[in-house]
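In what follows, a single structure is set out as structure tokens and then discussed.
The values are calculated or read from the model by the stated rules, or taken from the named source; none is laboratory data. Only a predicted model underlies this, so the values are computations on that prediction, with no experimental measurement involved. Using ideal geometry, Cβ is built from the backbone for each residue, glycine included, and neighbour counts are taken over all protein chains shown.
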């Protein structure tokens, strides 16, 4: 790679089909941070003719534009020779920086799967013979929802981005399960930050996904703020009251408790737990 301490901003093109959407609010905030601290990480570009195509650093690039008094930016020129290699570098850098919200992370891992399978076709079939790019090492990682290995991520790749095979598989499943119009609607919403909610939406039929998201993000029923309450309303006209909302909060927190904490909680509330089980005829 080649480091360019002063690459002209007007020599950089931003591809339209980027894996990460542009967030103007974040770019504005980043502008002030960079002005105060300087640019800590150069952007990454790919040279195409006499111009440069942005690979990674979209918000850093726009932050410099928003400053108004900057004409150049520090950049690293990638050795990527193909669009897929550039895409892989973009996705891996964004994942590695760990700045992505849940929806963007699902999108990036889906893109990683697509690019990897194009670059290593044998991975689509679970091949493990290796080639000149892999030094004879396996590129296969079975991450399918059944027994068929469909994703060619090397285990080293999963380790590098801090995600195991199960987490990658789940993220890809969520992205592919979401209807495209729903994905677009979720952009910029609070739901986009909650993987559990995204998972619940992705498992619904297409028409139900649209109804659920319309209810949660619309203005008519502000008390409906999650998938569970939206489904209750759609199926039975039930609006969540204060008790229902409290139950959901406690239920979600309860499910996340480690076993030792759960054991402690049950012991400290043993009498009420036993009494409740007796009322329900469980004991």
Discussion item. Which of the strands (runs of 3 or more DSSP E) found entirely inside segment 1-118 contain at least 2 residues meeting this: outside the structural domain of residue 173 (by TED's automatic domain parsing) and buried (at least 20 other Cβ atoms within 10 Å of the Cβ)?
Written reply: 43-48, 51-56, 72-77
Worksheet item: What is the one condition in (1) crowded, with 20+ Cβ neighbours inside 10 Å; (2) modelled with pLDDT under 95; (3) out of contact with any strand residue (DSSP E or B) (no Cβ under 9 Å at 6 or more places or on another chain) that residue 215 does not satisfy?
Response: (1)
Worksheet item: Tell me, which helices (runs of 4 or more DSSP H) lie completely within segment 159-202 with 2 or more residues that are modelled with pLDDT under 90?
Response: 165-177
